[in-house]
Amino acid sequence: MNLDILKEKYFFMPDATRGAVRYLTTKQLKETGTEALVTNTLHLLIHPGPDIIQKLGGIKGMMGWDGIVFTDSGGFQVFSLIHSKKWKGKVHENGATFKSPREGNTYELTPESSIDIQMKIGSDVLVTLDDCRDTNLSRKEAEQSVERTLKWAQRCKTHFEKEYGGTAKTGKLLTSVVQGANFPELRAMCAKELVNIGFDGYNFGGYVIDSEGKLVEEEMSAVIENIPKDTIRYAMGVGKPEDILKAAEIGFNLFDTVLVTRNARHGTLYTAEGVVHIKNSEMALDIRPVDSNCNCECCINYSRAYIHHMMKNDEATALTLSTIHNLTYYQSLIKDLNSNL
Ligand SMILES: [Zn+2]
């Protein structure tokens, strides 16, 4: 598989959190123009577990997916759950120990185990474990997070190379995460240090949106200015269509967000003319397609009124069609970006 295109083109990766994009078959997912997806290491660690996934042929074998698979390191999820006190657990020098509320088992996530899990999942692009913390960190806390993130990134790289033979043997890519909270100079320093270690990509970690809902452009620019152009530049968790365009302008080329599919399930559908709220009562007699410029299965075959009716009655088909539409809309944004390259 040629993974170098991840360094050249723009991609939007839907979140197949537990190894599925909710309400879509793999065929339907492909038909939206999706070429790469991102799965969640933490959720897959808890169920079905990396050993079972490996026995079933990896995530690609399970899904029947022949496109690109990205995994996250599990860090963002574990640390945000622990820091928000939704989960019991502890972050320490060696990683994080936590108890899953799902079945009460205790897990330990370390830089090395994160790589092992991602290898068993069978991902194409791995992400190093980072020390992700809450928003609004003090300078000192942000410095500590950067320091630990750098140490763990080095440990991940060493483990990936020693244990698996690195990219040369596996054909897989290893990317790192840039931390530094809302301090552009810390972001820049973290990026520079990661470049010194050497990775296939540099992902913008932590929070990409400030407390007012705005993209943290200054911090993002600080990262882009300090990493090579011919690498993966992943703006994790970006975002709204207008934020993707802004992040692309800054220099990022990979994006993912749960918003696109979650909004679809809540009846918020994207079009070039703005958002359509399909559950609103004025949709009940609207015979137009969701988006007259869209060629997806939803827009070619069905009216807004029909989708509205199904949504109001909790028909799963409406959720499938809405998700197909929103993903197709996002992929067409990406196609436009690529056509201007
Ligand atoms: Zn459509």
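The values are calculated or read from the model by the stated rules, or taken from the named source; none is laboratory data. Please read all numbers here as calculations on a predicted model, not as lab measurements. Because the Cβ atoms are built from the backbone with ideal geometry, glycine has one as well, and the counts that use them run over all protein chains shown. When the accessible area is computed, the model is the full protein with side chains, heavy atoms only, and any ligands, DNA or RNA have been set aside. Shrake-Rupley method; radii C 1.70, N 1.55, O 1.52, S 1.80 Å.
Quick notes on this one:
- Flag for SER211 being of a type in the set (Ser, Thr, Tyr) and open to solvent by 50 Å² or more (accessible area, probe 1.4 Å): yes
- The single condition from (1) closer than 25 Å to ASN340 by Cα; (2) open to solvent by less than 10 Å² (accessible area, probe 1.4 Å) that GLY205 fails is (1).
- Just one residue in the set ASN313, ASN280, ASN293, ASN338 is more than 24 Å from the chain's Cα centre (by Cα), under 28 Å from LYS214 (Cα atoms) and not assigned by TED's automatic domain parsing to the domain that holds GLY33; that residue is ASN280.
- Residue-level check: of (1) closer than 25 Å to VAL216 by Cα; (2) open to solvent by less than 70 Å² (accessible area, probe 1.4 Å); (3) not in a loop (DSSP other than H, G, I, E, B); (4) not acidic (Asp, Glu), VAL276 misses just (1).
- Within the range 130-143, the set of residues being part of a helix (DSSP H, G or I) and open to solvent by less than 40 Å² (accessible area, probe 1.4 Å) comprises just one member, ALA142.
- Single condition VAL258 does not satisfy, out of (1) more than 10 Å from the ligand (Cβ to nearest atom); (2) more than 30 Å from ILE227 (Cα to Cα); (3) surrounded by fewer than 19 Cβ atoms within 10 Å (Cβ to Cβ): (2)
- The listed residues are GLY49, GLY75, GLY57, and the only one of them that is under 23 Å from THR25 (Cβ atoms), small (Gly, Ala, Ser) and either within 20 Å of the chain's Cα centre (by Cα) or modelled with pLDDT of 95 or more (or both) turns out to be GLY57.
- Out of LEU333, LEU321, LEU337, LEU341, sole residue that is assigned to a loop (DSSP other than H, G, I, E, B) and out of contact with any Leu (no Cβ under 6 Å at 6 or more places or on another chain): LEU341
- Leading residue by the ranking (farthest from the ligand (Cβ to nearest atom)) among those in the range 289-303 that are in a helix (DSSP H, G or I) and touching a residue at least 12 places away in the same chain (Cβ under 8 Å): GLU297
- Meets criteria (open to solvent by 40 Å² or more (accessible area, probe 1.4 Å) and on the phi > 0 side of the Ramachandran plot) for ASN182: no
- Residues within the range 62-83 that are surrounded by 13 or more Cβ atoms within 10 Å (Cβ to Cβ) and more than 12 Å from ILE121 (Cα to Cα), tallied: 13
- Residue in the range 233-243 that is in contact with a Pro (Cβ under 8 Å, 6 or more places away or on another chain) and either modelled with pLDDT of 95 or more or not in a helix (DSSP H, G or I) (or both) present: no
- Going through (1) away from the ligand (no atom under 13 Å from the Cβ); (2) more than 22 Å from THR39 (Cα to Cα); (3) of a type in the set (A, V, I, L, M); (4) surrounded by 17 or more Cβ atoms within 10 Å (Cβ to Cβ) one by one, LEU245 falls short only on (4).
Every residue, every condition in (1) assigned to a loop (DSSP other than H, G, I, E, B); (2) surrounded by fewer than 17 Cβ atoms within 10 Å (Cβ to Cβ), yes or no:
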residue: ILE5; (1), (2): no, yes
residue: LYS27; (1), (2): no, yes
residue: GLY33; (1), (2): yes, yes
residue: VAL38; (1), (2): no, no
residue: LEU44; (1), (2): no, no
residue: LYS60; (1), (2): no, no
residue: LYS85; (1), (2): yes, yes
residue: PHE98; (1), (2): no, no
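- Residues considered: ASP286, ASP336, ASP314. Of these, the only one that is away from the ligand (no atom under 12 Å from the Cβ), exposed (fewer than 14 other Cβ atoms within 10 Å of the Cβ), farther than 19 Å from MET13 by Cα and free of Cβ contacts under 8 Å to residues at least 40 places away in the same chain is ASP314.
- Unique match (being buried (at least 21 other Cβ atoms within 10 Å of the Cβ), touching a strand residue (DSSP E or B) at 6+ places or on another chain (Cβ under 9 Å) and either closer than 27 Å to ILE232 by Cα or in the same structural domain as GLY198 (by TED's automatic domain parsing) (or both)) among VAL91, VAL146: VAL146
- Annotation note: Cβ proximity below 6 Å between a residue of the range 94-116 that is farther than 27 Å from THR170 by Cα and a residue that is of a type in the set (D, E, K, R) (sequence gap 6+ or interchain) occurs for THR97/LYS90; THR97/GLU108; LYS99/LYS88; THR106/LYS99.
- Identity of the residue in the range 100-129, in a loop (DSSP other than H, G, I, E, B) and at pLDDT below 95, that ends up most open to solvent (accessible area, probe 1.4 Å): ARG102
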